[in-house]
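Participant: Questions regarding the structure given below will be posed in turn.
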Amino acid sequence: MKARYANLARIRALDPEREYLAIYQTMLRYEFPWDMKLGLNLAFNRSFSIPSIAAVHTATGELTERTQKRIDDTGLLMYEMLLNGFEQPRGRDALRRVNQIHRPYDISNDDYLYVLGCLVVIPTRWLQRYGWRRPCCHERQATYLFYRELGRRMGITDIPDSYEALATWFDAHDAAHLKPNDDAAAIERATRMLMLTRIPKPLAPLGNALVGALYDERLRAAMQVDPPAWPVRAGLHLALKGRSRLQRWFGKPRTTAMFADGIKTKTYPDGYEISQLGPQQDHSTDRSRA
């Protein structure tokens, strides 16, 4: 058990104000790889479902018509920034590309801030509920600081000054704006495959019901997804709780980092250029926010 908590001991020895990237990388690559990927998938699903954001995505057709590429591009850009930070060349290039992609669209600061809140709050709450251990205060702080820095470099303003403050803002905004809308429903139908890949193979026959059970009531309503039967919801909850306990008591520390052999995607089996990720509209290099 001592070895199981070795990474946590190292994390607690770090200063999250200065070493938030190292802490967040450890969370993703060693401590909670499956849970973090699922949590980030749930975060993006939720961010796509606010009516104003969903309308932008359905208008471009990127998520509904070129779904796999859009999913892979988003993941690659995020992981390039996370694995390399914002100061290394690949991290800078990914951030620049993110800003280029968003530049043509009239997106409000609150919509940007909501997406940022999804990326901070949703995975953290998933870990608090279903991780093999709960994230410690250093990990919550590091998560907040990584995305605060991302937000700052994207030109997002009025970012709340702590994890707790951002979570409070997020909950209020979510309650006020996550409403049923046809655009969110169209995106959910197109991107459901992303969530289905996170379902363990033995449970694949129940895949669609289990995906619906992963969503909370407000998100299901926004995406017009029927609530699954209560035995499915209860069974999923118990299975995830059981998994967390098995990992806690019998799991071994991960010794090989996730993405040690690079980031693999269906769209780019032979590799990719960061500048070619995302929609290929005419774009000039935007260095003002990188």
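Participant: Assuming a ≥ b ≥ c are the square roots of the Cα gyration tensor eigenvalues, decide whether segment 121-181 counts as rounded (a/c under 1.5), prolate (otherwise, with a/b larger than b/c) or oblate.
Facilitator: oblate
Participant: Would you compute, from DSSP H runs of 4+ residues alone, the mean residue ellipticity of the chain at 222 nm, taking -39500 (n - 2.57) per run and dividing by the full residue count, rounded to the nearest 500?
Facilitator: -20000 deg cm²/dmol
Participant: In the chain, carbon and sulfur make up what percent of the accessible area (probe 1.4 Å)?
Facilitator: Answer for the chain: carbon and sulfur cover 53 percent of the accessible area.
Participant: Would you kindly state the longest site-free stretch of the chain, with sites defined as GluC sites (Glu not before Pro) in a DSSP loop (not H, G, I, E, B) surrounded by at most 16 other Cβ atoms within 10 Å?
Facilitator: Between the exposed loop sites, the longest stretch runs 88-272.
Participant: Same structure, new question: When a/c is below 1.5 the answer is rounded, else prolate if a/b is larger than b/c, else oblate, so apply that to segment 203-286 with a ≥ b ≥ c taken from the square roots of the Cα gyration tensor eigenvalues.
Facilitator: In terms of gyration-tensor shape, oblate.
Participant: Considering the values (1) 60, 40, 33; (2) 60, 54, 41; (3) 53, 45, 42, which represents Cα extents along the principal axes in Å as calculated for the structure under consideration?
Facilitator: It is the value labelled (3).
Participant: At a Förster radius of 30 Å, what calculated FRET efficiency corresponds to the Cβ-Cβ distance of Thr197 and Ala165, to the nearest 0.05?
Facilitator: It comes to 0.35.
Participant: Something else now. Express in whole angstrom the spacing between the alpha-carbon centres of segment 161-198 and segment 114-139.
Facilitator: 15 Å
Participant: Note down the net charge around Gly235, summing +1 for each Lys or Arg and -1 for each Asp or Glu among other residues with Cβ under 15 Å from its Cβ.
Facilitator: +3
Participant: Here's another thing I want to ask about it. Mind checking the per residue accessible area of the chain for me, 1.4 Å probe, whole number of Å²?
Facilitator: With the other protein chains kept in place, the chain gives 49 Å² per residue.
Participant: I'd like the FRET efficiency for Leu14 and Leu206, computed as 1/(1 + (r/R0)^6) with the beta carbon distance as r and R0 of 35 Å, rounded to 0.05.
Facilitator: Using R0 = 35 Å, I get an efficiency of 0.30.
Participant: Shifting gears a bit: In nm, what is the difference between 0.36 nm times the number of residues separating Thr157 and Ala229 and their Cα-Cα distance?
Facilitator: So the chain would gain 21.8 nm between Thr157 and Ala229.
Participant: Follow-up question, since we're still on this one. Let me make sure I get this right: for segment 1-119, a, b and c are the square roots of the gyration tensor eigenvalues over alpha carbons, sorted descending. Under 1.5 in a/c it's rounded, otherwise prolate if a/b > b/c, else oblate. Which is it?
Facilitator: prolate
The values are calculated or read from the model by the stated rules, or taken from the named source; none is laboratory data. All of these numbers come straight from a predicted model, not from anything done at the bench. Positions of Cβ are backbone-derived with ideal geometry, glycine not excepted, and every protein chain shown enters the neighbour counts. Quick note on the areas: whole protein, heavy atoms, side chains included, nothing else; ligands and nucleic acids left out. Shrake-Rupley method; radii C 1.70, N 1.55, O 1.52, S 1.80 Å.
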